[in-house]
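Written out below as structure tokens is the structure these notes cover.
The values are calculated or read from the model by the stated rules, or taken from the named source; none is laboratory data. Please read these numbers as outputs of a predicted model, since none were measured by experiment. Cβ placement follows ideal geometry from the backbone for every residue including glycine, while neighbour counts extend to all protein chains displayed. Only protein heavy atoms, including side chains, enter the accessible area calculation; ligands, DNA and RNA are left aside. Shrake-Rupley method; radii C 1.70, N 1.55, O 1.52, S 1.80 Å.
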Amino acid sequence: MAVITLSSVPQPTLWHDVPSVTLSDETLQQRKAKVLSRMVQQGLDTLVIYADKEHGGNFEYLTGFIPRFEEALLILQQTGEAALVLGNENLKLAAHARLANRVIHAPWFSLPNQPMDNQHSFPELLREAGLSGANTVGLAGWKLFTGARDDNLQMFDLPAFIVDALRLAAPQAQLRNATGIFISPESGARITNNANELAHYEYGANLASTAMLTALNAIAPGKTEKQIGALLAAEGQANNVVMIAATGERFADARLYPGDKIIQRGDKFSLTTGYKGGLSSRAAYVVADENELTPAVADYLEVVAKPYFNAVVSWLQHLRIGLRGGEMYDLVERVLPKADYHWHLNPGHLVADEEWLCSPIGPNSAATLQSGMLLQIDIIPSRAGYAGASIEDTVALADEALRHEIQTAWPALWQRICTRRAYIQTQLGIRLPEQVLPLSNTVGYLRPWLLNQSLALIFTE
């Protein structure tokens, strides 16, 4: 019978100053080929890919950049020809894009009161960009509208002024929601990664988990949320989620960001930081042991932390290539019943440039887990009155061929993976399948008492 205990455990190894990994030209060519093949399969003449600062992943997948503070379109023909439709301040980036393109200037994408001079209308520019002869046009935003009505192929999450202009530019064309070309959990181009991509994304997973453990170790009564939050901002990289460093009750005065609130002994504490390729999140109490908890939550370890940890262990030990998403969902439901623990999102999802790409894990999901997938542990229990419990981190699935390629091409990365696997198995007692590669340093590491840095939960069978 499995036993979960709070034990003295050394902290995970951290890696600082890990070099970034650039995506190769070959990887970018493979990405384009994957998208074009899916266009052919779906009978699309043209694919219109939308981007803004918050929703640039599909665009960046092919171009290598996001449009920062403007909108942008990538208009891709089934032939492979590409046009970038850019505002004033992104025109200069077209020359640096990772795919051959011609650029169309659309000043309507620019910021308020910037020059909007253009002798052509927006529909005319879209025709120039390649819409004139299209019969079937796919629109890729960032939503799949799964669970919506059967007409979800006619629901678009692009701004109305763009969709209206597309209809005027190609009045004969049928418009379809084609976001699934990129992020369908069954067949999207972006749901699996090659060795170069996994190395590229491991940088962010390592960065987030290193920052997380550093911040955890700095928590102390008398410090402010801002002081802890500063430790979650790492190497000048852009976060792909809103950073969290929140003591006590969250969202006071509708505040989302770290503030001047002072940490007090006995507080609940939540931390989250995420970068391309990985997020790390933790929730626990600012105490040295359970005797410092109020009587109402003195049983937190048994009521919340241990059942949650058991669910994470089950998730990790059952994760494998070929597992259906519905099977994983059912497993989590068995070990951590939703009716009691009130989790409501997917217990696990895919990660890429975005913190949440899509999820193959859901009720009755027939989507299968594949080699090259990058997954985030994301089970969020909620018990009224208690602090949460959270050890969200990132792992990859890799078959033997992909593991061999990583080991050969990225030996330093492979050594980090092996060190993490050894820690998880020997120190935490979690039996990882060979196919599961931890990309975060803190996978499985749950410290319920933030002021006691030597104790963590371990699993014994």
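Before moving on, here are some points about what is shown:
- Those residues of region 412-461 which are under 24 Å from the mean Cα position of the chain (by Cα), buried (at least 19 other Cβ atoms within 10 Å of the Cβ) and among the small types (G, A, S), in sequence order: S440, G444
- Number of positions in region 59-79 that are open to solvent by 10 Å² or more (accessible area, probe 1.4 Å) and either without any contact (Cβ under 8 Å) to a residue 40 or more places away in the chain or within 23 Å of S132 (Cα to Cα) (or both): 7
- Flag for G385 being modelled with pLDDT of 95 or more and not hydroxyl-bearing (S, T, Y): no
- Of all residues in region 394-411, those that are more than 20 Å from the chain's Cα centre (by Cα) and open to solvent by less than 40 Å² (accessible area, probe 1.4 Å) total 3.
- Restricted to region 28-53, and to residues there that are open to solvent by 30 Å² or more (accessible area, probe 1.4 Å) and of a type in the set (A, V, I, L, M), the residue that is farthest from L84 (Cα to Cα) is V40.
- Looking only at region 270-298, residues that are surrounded by fewer than 14 Cβ atoms within 10 Å (Cβ to Cβ), in a loop (DSSP other than H, G, I, E, B) and of a type outside the set (S, T, Y) come to 1 in all.
- Residue tally, condition over 22 Å from the mean Cα position of the chain (by Cα), surrounded by fewer than 15 Cβ atoms within 10 Å (Cβ to Cβ) and part of a loop (DSSP other than H, G, I, E, B), over region 224-249: 1
- Among the residues of this structure, L319 does not count as one that is modelled with pLDDT of 95 or more and in contact with a Cys (Cβ under 9 Å, 6 or more places away or on another chain).
- Residues located in region 159-214, provided they are within 26 Å of S281 (Cα to Cα), of a type in the set (V, I, T), in a helix (DSSP H, G or I) and open to solvent by less than 20 Å² (accessible area, probe 1.4 Å): I183, T210
- Set V436, V443: member being within 29 Å of G266 (Cα to Cα) and at pLDDT 95 or above: V443
- Residue in region 300-315 that is part of a loop (DSSP other than H, G, I, E, B), within 23 Å of E333 (Cα to Cα) and out of contact with any Cys (no Cβ under 8 Å at 6 or more places or on another chain) present: no
- Test: residue in region 282-295 that is at pLDDT 95 or above, under 19 Å from the mean Cα position of the chain (by Cα) and farther than 20 Å from Q435 by Cβ: yes
- Summed over region 187-220, residues that are closer than 30 Å to Q41 by Cβ and of a type outside the set (S, T, Y) total 12.
- Here region 92-120 is the region considered, the condition is being farther than 15 Å from F69 by Cα and modelled with pLDDT under 95, and the residue that is least open to solvent (accessible area, probe 1.4 Å) is N118.
- Contact annotation: residue pairs with Cβ atoms under 7 Å, 6 or more positions apart or on different chains, pairing a residue in region 440-457 that is within 19 Å of R420 (Cβ to Cβ) with a partner that is basic (K, R), are N441/R420; V443/R420; A456/R447; L457/K306.
- Unmet requirement for A148, which otherwise passes all of (1) modelled with pLDDT of 95 or more; (2) open to solvent by less than 50 Å² (accessible area, probe 1.4 Å): (1)
- Test: residue in region 363-379 that is open to solvent by 60 Å² or more (accessible area, probe 1.4 Å), in contact with a strand residue (DSSP E or B) (Cβ under 7 Å, 6 or more places away or on another chain) and aliphatic (A, V, I, L, M): yes
- Looking only at region 250-269, and only at residues there that are open to solvent by 60 Å² or more (accessible area, probe 1.4 Å) and assigned to a helix (DSSP H, G or I), the one that is farthest from H55 (Cα to Cα): D253
- Cβ separations smaller than 6 Å between residues 6+ apart or across chains give the following pairs from region 237-248 residues that are within 15 Å of T224 (Cα to Cα) to residues that are basic (K, R): T247/K261.
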